[in-house]
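**Q** Dropping a structure here in structure tokens format, bear with me for questions.
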């Protein structure tokens, strides 16, 4: 689910402060030139909160159904999302 709203640098800093006040660890990423992403991982959920340079904010939440699999599931990762011909330095 993606939600758009107005966001500023002050709101980003406020959000980071709230995460710290609530003792939630986070990671910042800069994957797109127009945004900064705050990644928050808690048990069973991962949150991506993107602060865009145009003032928009997007919130996306990924939830686990609690199923734990063995290493055989890794083959699906490579089969579905892998690109065996792509070479990385």
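**Q** Using just the Cα positions, wrap the range 38-89 in a convex hull and report its mean projected area in square nanometres, one decimal place.
**A** Taking the Cα atoms of the range 38-89, their convex hull projects to 6.2 nm² on average.
**Q** Sorted from largest to smallest, which semi-axis lengths in Å does the alpha carbon gyration tensor of the range 4-81 give for its equivalent ellipsoid, taking the root of 5 times each eigenvalue?
**A** Calculated on Cα positions only, the semi-axes equal 29, 16, 10 Å.
**Q** Could I ask something else about it? For the chain, find the longest principal axis of its Cα atoms and tell me its angle to the long axis of helix 9-21, 0 to 90°, nearest 10.
**A** 70 degrees
Readers should treat all values here as calculations from the given coordinates under stated rules, not as data from a laboratory. This is a predicted model, so every value here is computed, not measured.
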